[in-house]
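Each remark here refers to the structure printed beneath this line.
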Amino acid sequence: MPASRRLASVPFYLHLLPKMIPTDYAKLIRFLQDELAIPQSAIKHALQRCNQDPGPLPMILWQQGVLSLKQLERIFDWMEMA
C-alpha cells in the first residue's frame, strides 16, 4: 500500500494525542463527531491544548465554548456507560 494511502487512513487526531491520554479517547472523539457534531478543527485545537495544559478533553472543549453544559453532561453520561 502506498504511503500516501496509509496516511489517509490514520485519524486526524492520532499524532495530537498526548502520551498520557488513553486510547479510549479515540472512541470519545468518534462520539463527539458522530453524536454531537463537534467540528474536527475544534477537537484538534483542544487536543493541542491537552498537550500544553493537561486536562480532560471534554472539559477543555467546554472551557473553549465548544460544548454547552448539556452536551458536557451528555458526554460524562456516555463515558460512564462506555
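The values are calculated or read from the model by the stated rules, or taken from the named source; none is laboratory data. For clarity, every value in this text was computed on a predicted model and none was experimentally measured. Here Cβ is always computed from backbone atoms with ideal geometry, including for glycine, and neighbour counts include all displayed protein chains.
Considering only the range 5-28, how many residues are at pLDDT below 90 and part of a helix (DSSP H, G or I)?
Here is the first cut: in the range 5-28, the ones at pLDDT below 90 are 5-27.
Cutting the leftovers down to part of a helix (DSSP H, G or I) gives us 5-8, 14-16, 25-27.
Of the residues in the range 5-28, 10 are at pLDDT below 90 and part of a helix (DSSP H, G or I).
Can you tell me how many residues in the range 29-70 are assigned to a helix (DSSP H, G or I) and either surrounded by 11 or more Cβ atoms within 10 Å (Cβ to Cβ) or of a type in the set (Ser, Thr, Tyr) (or both)?
Initial filter on the range 29-70 (assigned to a helix (DSSP H, G or I)): 29-34, 40-52, 57-63, 69-70.
Restricting the remaining residues to those that are either surrounded by 11 or more Cβ atoms within 10 Å (Cβ to Cβ) or of a type in the set (Ser, Thr, Tyr) (or both) gives 29-33, 40-51, 57-63.
Result for the range 29-70: 24.
Do any residues in the range 34-45 that are within 15 Å of Pro58 (Cβ to Cβ) have Cβ atoms under 7 Å from those of residues that are of a type in the set (Val, Ile, Thr) and crowded, with 16+ Cβ neighbours inside 10 Å, where the two are at least six apart or on different chains, and which pairs are they?
Ile38/Val66; Ala42/Val66; Ile43/Ile29
Go through the residues of the range 39-51 one by one and say whether even a single one is within 17 Å of Phe76 (Cα to Cα) and modelled with pLDDT under 90.
Within the range 39-51 (the criterion being within 17 Å of Phe76 (Cα to Cα) and modelled with pLDDT under 90), the answer is no, since none of the residues qualifies.
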